[in-house]
Amino acid sequence: MAPIGRLFLLVLLSTALTISSGSGDGFSINGRVKIPQGLGTKGFALPGKTSNVKVILNGGQIVTYLRPDGYFSFQNIPAGTHLIEVAAIGYFFSPVRVDVSARNPGKVQAALTENRRGLSELVLEPLRDEQYYEIREPFSIMNVVKSPMGLMMGFMLVVVFLMPKLVENMDPEEMRRAQEEMRSQGVPSLASLLPGGGGRN
Amino acid sequence: MAIRSFFVPFLLFVLCFYSSLCPVLSLYEDQVGLMDWHQQYIGKVKQAVFSTQKTGRRRVIVSTEENVIASLDLRHGEIFWRHLLGSNDVIDGIDIGLGKYVITLSSGGSILRSWNLPDGQLVWESFLQGPKQSKSFLLVPTNLKTEKDNEIVVFSNGRLHAVSCIDGEVLWKKDFEAESFEVQQVIKPPGSDLIYVVGFAASSQFEMYQINARNGELLKHESATLSSGFLREVSLVSSETIVALDSTGSILLTISFQNGEISFQQTPISNLYEDSAGPAVIIPSSVPGIFAIKTNAITIFIRVIGEGKLEVVEKTNHETAVSDALPISEGEQAFALIQHAGGEMHLAVKLAHDWDSNLLKESIKMDQQRGLVHKVFINNYIRTDRSHGFRVLIVMEDHSLLLLQQGLIVWSREDGLASIIDVTTSELPLERDGVSVAKVEHNLFEWLEGHMLKLKGTLMLASPEDVAAIQSMRLKSSEKSKMTRDHNGFRKLLVVLTRAGKLFALHTGDGRIVWSHLLRSLHKSEACQSPIGLNLYQWQVPHHHAMDENPSVLVVSRCGPSSDAPGVLSFVDTYTGKELSSLSLAHAATQVIPLPYTDSTEQRLHLLIDSDKHAHLYPKTSEALNIFKREFSNIYWYSVEGHNGIIKGHALKCKCTGKVADEFCFDTRELWSVVFPSESEKIIATVTRKLNEVVHTQAKVIADQDVMYKYISKNVLFVATVAPKGSGEIGSVTPEESWLVAYLIDTVTGRILHRVTHHGAQGPVHAVFSENWVVYHYFNLRAHRYEMSVIEIYDQSRADNKDVWKLVLGKHNLTSPISLFSRPEVITKSQSYFFTHSVKAIAVTSTAKGITSKQLLIGTIGDQVLALDKRFLDPRRSVNPTQAEKEEGIIPLTDSLPIIPQSYVTHALRVEGLRGIVTVPAKLESTTLVFAHGVDLFFTQLAPSRTYDSLTEDFNYALLLITIVALVAAIFVTWRLSERKELQEKWR
């Protein structure tokens, strides 16, 4: 296996690297997958190791794995426009469009299909890490208060402790009138509603 | 546990609060394993190599027919690591190099890879090319050491390579370009620096090349001609002798090439064994001095005693399997021999040079459902008393893998489940009064305690021990793995048919195997040489009447690879796993059509179409015939001939007019055909609606109080064709010369309802059809991205009925007969979006009543399953939806479909080698059961619109109870207060 570092950097466009008109009838695509350290390790244990990262050409035509240094290569690729996908649990990789040109061998153009960004060399990095689980909100008193149960409790407290205060602050005249009115309309008071409380007024 | 709470308003009220609290669409990490299970398999083992490392954990490295390389724990059979290679990267050979690398040769001998033994990390990868196709061989000799390196010898594509074990560098190569030379063996005699490459040229020439293993120099080339020719298989009996058969299969040839001199010895088989009749075949093996041939189902072991003399050592008519030889000490080699006799399996380990003595002889009782032994691998270990112990790895007919040691099965793996062909479901038995199921819920205190723990968990107050306790409590809550039907329909049996011809029933609760059955009808027999299982159908599903009958499934298979081979039907009881009966048909079963009619015992009527276009009705009862005759003129079906691009519609004509009077056989007539021009279109995908899909309503109310009517017909077929050039891989075609055409065809009339062309698009196409819409996935060459399109069809003929006056005046057309022969007035709406990933399978969720909104389940190239709301694929999406449309739930249009990591139903797991996704409705309307299968299996429950009709699994009863208690207490307190207040009032 030829070492991969053989790069042909083209000055003009965003192109470069990764091709050698291999022996036989095809070309080869060499590249590298780079997973930044520290990314994706927060929240949950990282499930995917680099040994489980797959690099897939054209939706499954060829599947290869990464070497310890992150390099991969496809051999015997005909000229044309190809698609490389990286399958790694915990990361989101954009598929990469790779043009292998027959006219000027040695020239490869690569671009991320998700954001149409050209790649100067075939180094694939995850666009973002993927969090498959919801994260539990840490316990806070505000959450409890804001929850429906909390609101119910809060309302009850208001009724129990603030209502009497409100009643106290009312004008006694008005209060009496209101009570009178209630009695005449026959609206039962809270006490009369409860068992045993009714008959006593 | 979910409680039905439709009619309990109070609970519903609480539920409303709760559903706003806990999002059910995605999982918390501690909910893994609650509703879902995941099982990992490897497939049928092709080759196994034992890691003989003195230190560290003992492992066995295996390669399988599913293209998996895996390292298994020899003690328990668990997977240490596993890699699934591409589907056309078939593994040719594996071995261990330098004790720490796993060397694999794949892709017809053109890719050589080295993996790190402990963790499975790829170390290097080497591409080997050669002048022509040939067999490939991988040899990792232990004695070819140069300094610290080791040489790997690979013969592939007509070229011999020596590759460095450290970095994969090719050290030397040698071509074998002679036109007709076909290599049969590459031999590296131990203790010498020579490599022999032997093979046949033309049909009757034997060739031998002797090569220096150090530098690839050709030392000697000899050839000899034998007029009678050769059969291709050879057996290696020593490092310089092979045994072959002549072209008639009746004469054994012992070919020795000692010191480069070729000599032949011919021995007619009849000299060794009188009764030999038919031609014999050599069983490939590599035990020194001994080989085996098989003639008329009799296996004969023959010993080679110097000078090409042969001697029969054993004849047996039992099924036999032999392992390769294993060097156990200086000059001694052992091998294992397994014979079946009745229900027992006899294992013998013998020394290669001494047939009559056994190092080990054991009898093992073997489960009949595992069938015969297909492969044997042997490994030894030194016991404490310095004697040799042996362990034997066997691969059975049902693809399971077992380790035998000291007469016991140490572990077994059901690897047949890695190759599922078809899936269906069956209900579990009803809970009868007599059958009392052990109550798991103990006493109130424990119950409360459990819920207190859960409460702590939700409030994030739980310590790690508590979390572990919650987890185990949830997993134990064995409600889900009971063997009876449940109220919500979550517990079912998944009946799966594997490539080995075995049926398994898996419990949806925990994925355990309830029963398994190796189908006798799929057993190799005289009449049926290579039976292949095809499909599963639900044969009998008793639910209204015939409740005492057990449900059963129909397994359709055929005898041989061609589609006109005769079919075999078997009927299996899904409660017990017993084969009720099986039928060997006289005709083929190219198409099986389950009809929507059942007889009085709820057996479903099935129509089998044979290769002569006759239709056969099953079950063959007069009752079924009567039902069938009533519906005779209403039965239509279609057939797709992919190779010549024709889709045909058929109907029944009359009774068979052939010579045999068979009242269950019918002639058919062709109604219509759609012929696609072969120079511009090639059919690559057809999909239709699921037969058992339930649609809740035909009407769809849209934003401005308008109604649209979905065109719901079971007889609509989606067909995708591509330009013949574009049917290859991506990158093989330019956008200008490729296009994709999508059709919607009515399968009764053959009318094309809709046709749309996507220029610059190509396959593969994956599609799913449900209700009145179809979603398909394809590749857009211009944008070089995958795309998904949706087509929805609406019925316009009812659009006028919205006018109230017409209804009043009776001018509506609601009563006009609907016929598929009348020209349907339909309109279609469609839209396309980009989708990031390649797709392996698409399915759609299905629920009991079809009320719940739908989700697409997309199996991505990374072997994950993504749930995507159908709302994202709504052709009415626009960039700026109006306020009314927003209220209706229309999402603003974006050019690509979102991939939300939390909506992967497989969360952080992979369903390695994903092939299919099956959805089954539960009885609870909100919930659907999802089963994804490939090399791995994954099962989960999904609630596409959240569980609106039940409480979730982690519903906190304790919190509810506490709240109620608190409320009651508060009521009493306030009552007291109010009473006292009133009293004071009165005193005043």
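Read the figures in this text as sums done on the coordinates, not as results from a lab. Just so it is clear, the structure is predicted and the values come from calculations on it, not from any experiment. All Cβ positions, even for glycine, are placed from backbone atoms using ideal geometry, and neighbour counts span all protein chains on display.
What the table shows:
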quantity: Values of log10 I(q)/I(0), in the order q = 0.15, 0.24 Å⁻¹, for region B:527-576 under a Debye, Cα-only, solvent-free model; calculated: -0.48, -0.82
quantity: Estimated inter-spin distance, B:Asp354 and B:Glu314, nm [label 7 Å along Cα→Cβ]; calculated: 1.6
quantity: B:Val826 long-range amide H proximity, modeled H, under 5 Å; calculated: B:Gln796
quantity: Amide H partners (placed H, <5 Å) of B:Met366, local residues excluded; calculated: B:Met345
quantity: Rg to Rh, two decimals, where region B:484-524 supplies the alpha carbon set and Rh follows Kirkwood; calculated: 1.10
quantity: Cα principal axis extents for region B:819-878, largest first, Å; calculated: 46, 30, 23
quantity: Nearest-20 debye value, chain B charge dipole, Cβ charges on Lys, Arg, Asp, Glu; calculated: 2300
quantity: Contour excess over end-to-end distance, with Cα ends at B:Val467 and B:Lys365 and 0.36 nm allotted per residue; calculated: 32.4 nm
quantity: For region B:317-325, 3J(HN,Hα) per residue [Karplus equation, 6.51 cos²θ - 1.76 cosθ + 1.60, θ = phi - 60°, Hz, x = Gly/Pro]; calculated: 9, 7, 5, 10, 9, 10, 8, 6, 7
quantity: Overall dimensions of region B:849-927 by Cα: Rg and Dmax, Å; calculated: 15.0, 45
quantity: Per-residue Cβ neighbour rank within 10 angstrom, fewest leading, B:Trp115, B:Trp355; calculated: B:Trp355, B:Trp115
quantity: Relative contact order computed over chain B (Cα-Cα under 8 Å; 6+ residues apart), in percent; calculated: 7
quantity: Estimated 222 nm signal from helices in chain B, with DSSP H stretches of n ≥ 4 weighted -39500 (n - 2.57), rounded to 500; calculated: -3000 deg cm²/dmol
quantity: Simple spin-label estimate for B:Ser896 and B:Glu330 in nanometres, 7 Å along Cα-Cβ; calculated: 6.8
quantity: Pairs of Cα atoms farther than 15 Å apart, region B:247-310, %; calculated: 52
quantity: Coarse-grained scattering of region B:363-428 at q = 0.28 Å⁻¹, given as base-10 log I(q)/I(0) from a Debye sum over alpha-carbon atoms; calculated: -1.24
quantity: Per-residue Cβ neighbour rank within 10 angstrom, fewest leading, B:Val45, B:Val281; calculated: B:Val281, B:Val45
quantity: Signed unit charges on C-beta, dipole axis of the protein assembly as shown, positive-most listed residue A:His82, B:Ser419, B:Ser250; calculated: A:His82
quantity: Cα-based Rg and Dmax for chain B, where Dmax is the largest Cα-Cα distance (Å); calculated: 33.8, 133
quantity: Region B:158-289, Rg to Rh (Cα coordinates; Rh as Kirkwood inverse mean 1/r); calculated: 1.02
quantity: Per-residue Cβ neighbour rank within 10 angstrom, fewest leading, B:Glu233, A:Glu85; calculated: B:Glu233, A:Glu85
quantity: Built amide H within the under 5 Å cut-off of B:His784, gap 5+; calculated: none
quantity: Sequence ranges A:109-116, B:234-241, B:689-696, ranked by mean other-Cβ count within 10 angstrom, highest first; calculated: B:234-241, A:109-116, B:689-696
quantity: Long-range Cα-Cα pairs in region B:79-122 (distance over 12 Å), rounded percent; calculated: 59
quantity: Measure of compaction for region A:66-117 (Cα Rg per 2.2 N^0.38 Å); calculated: 1.27
quantity: For region B:622-766, alpha-carbon Rg over 2.2 N^0.38 Å; calculated: 1.36
quantity: Cα gyration tensor category, rounded, prolate or oblate, for region B:541-626 with a/c compared to 1.5; calculated: oblate
quantity: Largest-first principal axis extents, alpha carbons of region B:860-973, Å; calculated: 62, 46, 26
quantity: Rg and Dmax of region B:625-693, Cα atoms only, in Å; calculated: 15.6, 46
quantity: Solvent-free Debye scattering, log10 I(q)/I(0), computed from the Cα coordinates of region B:239-386 at q = 0.09, 0.12, 0.15, 0.18 Å⁻¹; calculated: -0.31, -0.55, -0.83, -1.13
quantity: Rh (Kirkwood; distinct C-alpha pairs) - the protein assembly as shown, Å; calculated: 35.0
